[in-house]
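Trainee: Below is one structure. I have some questions about it.
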Amino acid sequence: MPLMDGLRPPPPKEPDSRRGALLWFLVALLLIVLGLILVRVLGNAGRLRDCVMSGRTNCAPIDTTTPGQ
């Protein structure tokens, strides 16, 4: 099939870049990590609130580390 004058064949297709997929993977991983941190913080706050609402007075966790270590 002869080419018409003025028409050129399309340029060769470049291989797909994985940069976009890697970027979205990192975004999803960041969201998962932030979600896990949020669940942990809210869980601790909920347990503390439940302890206080039950009338206890020793609800705060005690820090057993000594300064300088």
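Laboratory data are not the source of any read-out in this text; all were calculated from the coordinates shown. Bear in mind the structure is a predicted one, so any value in this text is a computation, not a measurement. No Cβ is skipped: glycine too gets one built from the backbone with ideal geometry, and neighbour counts run over all protein chains shown.
Trainee: Do you know which of the residues in region 7-58 that are part of a helix (DSSP H, G or I) and basic (Lys, Arg) is surrounded by the fewest Cβ atoms within 10 Å (Cβ to Cβ)?
Mentor: 19
Trainee: Might you let me know whether region 19-33 holds any residue that is over 22 Å from residue 60 (Cα atoms) and charged (D, E, K, R)? Show your work before the answer.
Mentor: Within region 19-33, the first condition is being over 22 Å from residue 60 (Cα atoms), and the residues that meet it are 19-33.
Filter once more, keeping what is charged (D, E, K, R): 19.
Yes, the conditions are met somewhere in region 19-33.
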